[in-house]
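I have placed the structure first, in the form of structure tokens, so that the comments after it can refer back to it.
The values are calculated or read from the model by the stated rules, or taken from the named source; none is laboratory data. Keep in mind it's a predicted model, so treat the numbers as computed, not measured. Note that we place each Cβ from the backbone using ideal geometry, even for glycine, and neighbour counts take in every protein chain shown.
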Amino acid sequence: MKKTLPLLAGSFVLAFSTSAMAQTTWDLPSAYPASNFHVENLTTFAKDVESLSKGKLKITLHNNASLYKAPEIKRAVQGNQAQIGEILLTNYANEDPIYALDGLPFLATGYDAAFKLYQAQKPYLEKKLAAQGMTLLFTVAWPPQGIYANKDLKTVADLKGLKWRAYSPVTAKIAELAGAQPVTVQAAELSQAMATGVIDSYMSSASTGYDTKTYEYIKKWYDTEAWLPKNAIIVNKKAFDALDPAAQEALKKAGAEAEKRGWALSQEKSKWYQAELTKNGMQIIKPTPELQSGMTKLGETMIKEWEERAGDDGKAILDSYRKM
Ligand code: PCA
């Protein structure tokens, strides 16, 4: 008895120190706040990775653009300053048309269409990211995009002169086509931009309206259901290859679950966010047929431009999407 005690203690120390030595910690920057459903989903994902990998891989989530600003996250993952990161694909639309696709107005509206578009886009997205030393782990769609404005909007012409917040090249282009003045502001700075009067309108989901307390500044949301952009979780390939196989499996499994859970959560919470906006004094408005058809026309122009820019790959993606 006396002999086994020190031995046991010794093996505990050994087990503890081996697992501590084998633990890898990754940083995961996200540009969205704790109240956001993407961040809620990522919090669960990080916990799952830790438990599935039996503590071998720990993911530290940095929300609200606290580690990197939204447009910097992709480069940070590419350079392995962050091993994993959450990006808004359409933020990178100028870099390659593949990133612009799910930010185009009225190409895929509603969750089913958005998920189909994702399936058509995915192989090309994976290829593009692989060429940059990264892998795609999963994506989650934002709820449908509508227009926040104080003004009465009856037609697209009413957008003229608005100080329009853009979060991507595509949302800036909408302003240009409609005669509004685009100002690029990321979600983390949006409340301040409204408070200081830098902007008076923008297009986004009810989710971002809720996160940024838009109802304190803007009183109307026109529910155009124009598109559902996606956040993607990307991983540095070298960092992934350096993990042991069990940790790689854990990451993939937790990622697949997070994708499923995230898409469901987005859809579920979409109505909840709208109810919260209403509770806080926001009017949710069904667009007039004129406004809706005018926005659809802008969308058609932009889809056409995208097709020209995206060439054969673009054509193949749209063909496969339209057949789904
Ligand atoms: N919210 C993000 C992107 C899309 C969305 O719904 C934003 O407004 O920045």
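Filtered by the rule that a residue be part of a loop (DSSP other than H, G, I, E, B) and either surrounded by fewer than 19 Cβ atoms within 10 Å (Cβ to Cβ) or among the polar types (S, T, N, Q) (or both), the stretch 141-167 gives 145, 150, 151, 152, 154, 155, 160, 161. Considering only residues in the stretch 186-195 that are within 13 Å of the ligand (Cβ to nearest atom) and of a type in the set (A, V, I, L, M, F, W, C), the one that is surrounded by the fewest Cβ atoms within 10 Å (Cβ to Cβ) turns out to be 188. Residues in the stretch 66-88 that are among the hydrophobic types (A, V, I, L, M, F, W, C) and closer than 21 Å to residue 24 by Cβ: 67, 73, 76, 77, 82, 84. Of everything in the stretch 32-69, what is under 19 Å from residue 269 (Cα atoms) and within 16 Å of the ligand (Cβ to nearest atom)? Give them in sequence order. Answer for the stretch 32-69, where residues must be under 19 Å from residue 269 (Cα atoms) and within 16 Å of the ligand (Cβ to nearest atom): 32, 33, 34, 35, 36, 37, 38, 39, 40, 41, 42. Of 235, 170, 198, 183, all but one fail to be part of a strand (DSSP E or B), closer than 26 Å to residue 73 by Cα and within 16 Å of the ligand (Cβ to nearest atom); the exception is 183. Going residue by residue through the stretch 10-30, is there one that turns out to be at pLDDT 95 or above and either basic (Lys, Arg) or in a loop (DSSP other than H, G, I, E, B) (or both)? Yes, some residue in the stretch 10-30 is at pLDDT 95 or above and either basic (Lys, Arg) or in a loop (DSSP other than H, G, I, E, B) (or both).
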